[in-house]
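K.L.:
Handing you a structure now.
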Amino acid sequence: MGGNAVQNVRRYSAAEYSLLVEEVLGKVRALFPGHRAEVLQAFRQKESFGDMDILLESFDLSGINFRKIIVRNFNATQVVVNGNVYSFDYREFQIDLNLISPSNFDSSMSYFAWNDLGNFMGRIAHKFGFKYGHEGLVYVFRDQSH
């Protein structure tokens, strides 16, 4: 999601990544109790990871200074904000925290998971007159000029 937003990070082996997921997800859930937080699924055979994508349900979080929370709780030296995605460094690794509305949380989990599969499915849906993305599957109805 964040691409290469953060500098001076490295790839983690699958074993390192697995341990980091537990730690980071635990911290995020503790910081935002009552809000769903999940790490996106990736291919099981993946040997290394360049970042960790976390979706955080964002209801009732307006007015919160996420940059300050991230710096304080993750000792981040870099925080890059791109829309609703906060990319930051933690233990020489890039974490992408994506704020998602509750109504789009499940569809976002499906769309963003498994690397580029969601994008591929969106291209197929487009051929049939649909849109498929983080907001789910939508039929595009055109009536004259609307």
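K.L.:
Given (1) modelled with pLDDT of 95 or more; (2) open to solvent by less than 40 Å² (accessible area, probe 1.4 Å); (3) over 22 Å from Leu20 (Cβ atoms), identify the lone condition not met by Gly129.
P.N.:
(1)
K.L.:
Let me ask something else about it. Considering only segment 39-49, how many residues are surrounded by 18 or more Cβ atoms within 10 Å (Cβ to Cβ) and of a type in the set (Phe, Trp, Tyr)?
P.N.:
1
K.L.:
Residue check: is Asn84 out of contact with any strand residue (DSSP E or B) (no Cβ under 8 Å at 6 or more places or on another chain) and surrounded by fewer than 15 Cβ atoms within 10 Å (Cβ to Cβ)? If you could, list the steps in order and put the result at the bottom.
P.N.:
Values: out of contact with any strand residue (DSSP E or B) (no Cβ under 8 Å at 6 or more places or on another chain): no; surrounded by fewer than 15 Cβ atoms within 10 Å (Cβ to Cβ): yes.
So Asn84 does not fit the description; no.
The rows are residues; the columns are (1) surrounded by 11 or more Cβ atoms within 10 Å (Cβ to Cβ); (2) hydroxyl-bearing (Ser, Thr, Tyr); (3) in contact with a strand residue (DSSP E or B) (Cβ under 7 Å, 6 or more places away or on another chain).
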| position | (1), (2), (3) |
| --- | --- |
| Arg10 | yes, no, no |
| Ser18 | yes, yes, no |
| Val21 | yes, no, yes |
| Val28 | yes, no, yes |
| Ala37 | yes, no, yes |
| Asp51 | yes, no, yes |
| Ile54 | yes, no, yes |
| Ser62 | no, yes, no |
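K.L.:
Right, Phe120: under 15 Å from the mean Cα position of the chain (by Cα) and aromatic (Phe, Trp, Tyr) or not?
P.N.:
In short, no.
Residue-wise test of (1) more than 18 Å from Asp106 (Cβ to Cβ); (2) under 15 Å from the mean Cα position of the chain (by Cα); (3) free of Cβ contacts under 8 Å to residues at least 40 places away in the same chain.
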position: Gln7; (1), (2), (3): yes, no, no
position: Ala15; (1), (2), (3): yes, no, yes
position: Leu19; (1), (2), (3): yes, no, yes
position: Leu25; (1), (2), (3): no, yes, yes
position: His35; (1), (2), (3): no, yes, yes
position: Leu40; (1), (2), (3): no, yes, no
position: Asp53; (1), (2), (3): no, yes, no
position: Glu57; (1), (2), (3): no, yes, no
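K.L.:
With respect to Leu117, is the statement that it is in contact with a helix residue (DSSP H, G or I) (Cβ under 6 Å, 6 or more places away or on another chain), within 29 Å of Val138 (Cβ to Cβ) and either open to solvent by less than 50 Å² (accessible area, probe 1.4 Å) or modelled with pLDDT under 95 (or both) true? Working first, answer last.
P.N.:
Working: in contact with a helix residue (DSSP H, G or I) (Cβ under 6 Å, 6 or more places away or on another chain): no; within 29 Å of Val138 (Cβ to Cβ): yes; either open to solvent by less than 50 Å² (accessible area, probe 1.4 Å) or modelled with pLDDT under 95 (or both): yes.
Considered against the rule, which asks whether it is in contact with a helix residue (DSSP H, G or I) (Cβ under 6 Å, 6 or more places away or on another chain), within 29 Å of Val138 (Cβ to Cβ) and either open to solvent by less than 50 Å² (accessible area, probe 1.4 Å) or modelled with pLDDT under 95 (or both), Leu117 comes out as no.
K.L.:
Take Arg72 and tell me if it is more than 18 Å from Ala113 (Cβ to Cβ), open to solvent by 50 Å² or more (accessible area, probe 1.4 Å) and in contact with a strand residue (DSSP E or B) (Cβ under 8 Å, 6 or more places away or on another chain).
P.N.:
Values: more than 18 Å from Ala113 (Cβ to Cβ): yes; open to solvent by 50 Å² or more (accessible area, probe 1.4 Å): yes; in contact with a strand residue (DSSP E or B) (Cβ under 8 Å, 6 or more places away or on another chain): no.
No; evaluated as a whole, the condition is false for this residue.
K.L.:
With the condition being farther than 27 Å from Val9 by Cβ, I'd like the strands (runs of 3 or more DSSP E) fully within segment 31-146 carrying at least 1 qualifying residues.
P.N.:
130-133, 136-139
The values are calculated or read from the model by the stated rules, or taken from the named source; none is laboratory data. Just so it is clear, the model here is predicted, and its values are computed rather than measured. Neighbour counts are summed over all protein chains in view; Cβ atoms, including those assigned to glycine, are modelled from backbone coordinates with ideal geometry. The protein model used for the area step is the full one, side chains on, heavy atoms only, and it has no ligands, DNA or RNA in it. Shrake-Rupley method; radii C 1.70, N 1.55, O 1.52, S 1.80 Å.
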